[in-house]
Structure formats: structure tokens, C-alpha cells
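Shown next, in C-alpha cells, is the structure this report addresses.
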Amino acid sequence: MNRRLTSLLLSASLLMGATSAVHAALPEEATLYKNPQCGCCDEYARQLEERGLSVTIVDDEDMGKIKQEADLPYGLGSCHTILMGGYVIEGHVPFEAVERLFQEQPKIDGIGLAGMPIGTPGMPGPKRDDWNVYQFTDQEASPFMTL
């Protein structure tokens, strides 16, 4: 086998291993709290399931109470709240941010993306603006990443 082919195969196997490690970092289960009429939340749950998670969807909960118990900063909420692997994921957070959260495992309560931005997982349409994902602890928010 020549050096170029060997190098290419080695690079490909490293990339495949890195991809597996990212997905392996995600927990196996998630609980998604939402309004029963919210189809975009169901779509986000479906996309989590495509990544190998078992998702329990809980409808008809007092979403204000769920967000308060999660210590979500005021004004930074979205349509659904997810409890996953000891973290809170608020809203339509892009999966790159979720994967980074579980790779790094910082000492925070969770991450979120306020509102329902077009183009995020579960939300139809093309991406229009940057997505500012925040991290939070004890109702205090700070930047996590921008996508």
C-alpha cells in the first residue's frame, strides 16, 4: 500500500472515530416538556431520536413552572424545555451546541436559544441570522457559542 493511500485511510478512520465520539457523548435519554399543540417541538424530539436518544414527550405541563424549576433566566425562554444528562436544554438549540455541551461537560445548569429562530432544528425555513446560544446557572446567563 502506498503512503498516500495509507495516510488517506488513517485520516478517514480518525474522522470516523471523532464523529462517533461526539455522538457517544450524548446521553441515551431525554425528557421534552412542551405545549401539546407545538409541532416544532415534536420535530425537535424526532431529530433527537435520529441521534439515538430515547425521548419522552410530556404535554400539558405548566411550562412556567418547568422553566422556573430549571432556573432559566427570565426572558430567555423558548417553546420547549428538555432535561437531558443532568442539563437543561432550552428551545431549538442547534445540535452542534448540544454536542459541545456534552463533550465539555461544564459546571452549568444548561444551555438555551431564546425564541424560535427560523432554520434551527425543528423550525422550518432557511437560517437568517446568527444564533446566540447562552449558558446559564442560577438564572444568570452568559454566552456559550454563536452559530
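The values are calculated or read from the model by the stated rules, or taken from the named source; none is laboratory data. Owing to the predicted nature of the structure, the values given are computational and were not obtained by experimental measurement. Don't worry about glycine lacking a Cβ; one is built from the backbone with ideal geometry, like all the others, and counts go over all protein chains shown.
Taken as a whole, the condition of being more than 17 Å from the chain's Cα centre (by Cα) and modelled with pLDDT of 90 or more applies to GLU69. Where strands (runs of 3 or more DSSP E) fall wholly inside the stretch 29-147, the ranges with 2 or more residues that are surrounded by fewer than 18 Cβ atoms within 10 Å (Cβ to Cβ) and free of Cβ contacts under 8 Å to residues at least 60 places away in the same chain are 29-33, 54-58, 140-146.
Checked against the criterion of being more than 24 Å from GLU96 (Cα to Cα) and either of a type outside the set (Val, Ile, Thr) or at pLDDT 90 or above (or both), the candidates GLU29, GLU61, GLU49 yield just one match: GLU61.
The residues of the stretch 55-81 that are polar (S, T, N, Q) and under 23 Å from LEU26 (Cβ atoms), listed by number, are THR56, SER78, THR81.
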